[in-house]
Amino acid sequence: MILDVLMDAGLDSVKLLPFLFATYLLMEYLEHKNVLTAGKLAGFSKKAGPFFGGLFGIFPQCGFSAAASSLYAGRVITVGTLFAVYLSTSDEMLPVFLSSDMKMSLLVAILAGKAAIGIFMGFMVDIVYRKLHGNEEVIADIHAVCEHEHCHCEDGVLKSAIRHTVRIFIFVLVISIGINFAVELVGEDSLRSFFTSVPVLGQIVSAVVGLIPNCAASVLITKLYLENVISTGAMMSGLLVGAGVGLLVLFRLNTDKKDSLKITGLLLVMGIVWGVIIDLF
């Protein structure tokens with residue numbers, strides 16, 4: 001069991017490396033070469049970020065959510081774009097569905113639904129944010145990420161990007177090992193009974209489980225749906241909030257911890273509400 005846990009956590013973390021490195025390479029380039037470019041990126045995110053965030057999020061890789069969290073921590077993308085990525089992220093859902101005998105039309109509908117909800121809620125969040133905070137521009141503050149991680153970013157773009165990547169990789173790896181051990185100790189059967197023991201609160205239970213920053217959560221929720229243990233709405237509640245390790249990276253890099261808590265809470269509420277709506281219709 002110990003070997004399986006370590007291997008699973010290691011493989012999941014290694015998958016993040018190219019996404020993390022590419023993200024930090026971009027951020028370091030913006031910081032070292034032209035900070036104004038970050039402002040332009042933030043402006044683009046303000047106008048069309050949620051649309052592209054929702055589309056990229058449907059790819060079966062939680063690396064996109066980790067990259068989005070890093071960019072948001074540096075205020076290169078808006079909070080709406082971050083939500084769009086989180087809500088549409090597929091994680092391990094797609095491979096599990098493809099390995100089953102599910103009709104392709106249903107799979108496409110689920111993916112399209114997640115992307116559409118992500119895009120819609122992303123734009124709504126940005127609109128509400130602008131209403132609450134006026135028309136103030138998103139101010140890119142990439143250097144704050146460097147200061148928070150003590151990465152000595154003055155050493156150059158490549159070295160700084162590598163330092164950022166290694167630090168976050170180790171952090172995610174350690175947390176993933178802990179979560180994997182917890183899931184193994186609790187057991188899938190216990191989690192399964194937890195779902196079925198409170199059928200009226202299926203969406204809430206599924207959403208809470210979906211918050212677990214590990215692919216095991218999305219795999220479990222998808223399998224329970226395929227076995228007709230949970231409803232479509234409950235399944236969507238869990239998968240909508242399943243942002244993978246994105247939330248881990250957000251809490252690690254975002255200096256405003258209250259902001260991270262608000263984002264997590266709102267993400268949970270969105271998943272539950274949309275799950276209820278889906279089951280109603």
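Of 208, 269, 219, which residue is surrounded by fewer than 19 Cβ atoms within 10 Å (Cβ to Cβ), under 18 Å from the mean Cα position of the chain (by Cα) and free of Cβ contacts under 8 Å to residues at least 12 places away in the same chain? Even if it seems obvious, please write down each step before you answer.
Details: 208 fails: free of Cβ contacts under 8 Å to residues at least 12 places away in the same chain; 219 fails: free of Cβ contacts under 8 Å to residues at least 12 places away in the same chain.
Only one candidate passes the filter, namely 269.
Being over 19 Å from the mean Cα position of the chain (by Cα), in a helix (DSSP H, G or I) and at pLDDT 70 or above narrows it down to one of 3, 55, so name that one. I'd like the intermediate steps shown before the answer.
On the way: 55 fails: over 19 Å from the mean Cα position of the chain (by Cα).
Sole residue among the options that is over 19 Å from the mean Cα position of the chain (by Cα), in a helix (DSSP H, G or I) and at pLDDT 70 or above: 3.
Residue pairs whose Cβ atoms lie under 7 Å apart, separated by 6 or more positions or on different chains, with the first residue in region 95-121 and surrounded by 13 or more Cβ atoms within 10 Å (Cβ to Cβ) and the second basic (Lys, Arg), are 96/223. Would you check if residue 275 is over 15 Å from the mean Cα position of the chain (by Cα), of a type in the set (Gly, Ala, Ser) and at pLDDT 90 or above? So residue 275 passes the test. When residue 101 is tested against the conditions (1) part of a helix (DSSP H, G or I); (2) more than 16 Å from the chain's Cα centre (by Cα), the lone failure is (1). Of the residues that sit in region 222-266 and are without any contact (Cβ under 8 Å) to a residue 60 or more places away in the chain and of a type in the set (A, V, I, L, M, F, W, C), which one is surrounded by the fewest Cβ atoms within 10 Å (Cβ to Cβ)? By that ranking, first place goes to 261.
Residue 86 satisfies every condition listed in (1) of a type outside the set (Asp, Glu); (2) buried (at least 24 other Cβ atoms within 10 Å of the Cβ); (3) over 18 Å from residue 247 (Cβ atoms); (4) at pLDDT 80 or above except (3). Taking the condition of being within 18 Å of residue 255 (Cα to Cα) and of a type in the set (Val, Ile, Thr), how many residues in region 70-101 meet it? Selection size over region 70-101: 4. Residues in region 246-275 that are in contact with a Ser or Thr (Cβ under 8 Å, 6 or more places away or on another chain) and farther than 17 Å from residue 74 by Cα: 271, 272, 274, 275. What about residue 77, is it modelled with pLDDT of 80 or more, within 17 Å of the chain's Cα centre (by Cα) and not in a helix (DSSP H, G or I)? Answer is yes for this residue.
The values are calculated or read from the model by the stated rules, or taken from the named source; none is laboratory data. Only a predicted model underlies this, so the values are computations on that prediction, with no experimental measurement involved. Here Cβ is always computed from backbone atoms with ideal geometry, including for glycine, and neighbour counts include all displayed protein chains.
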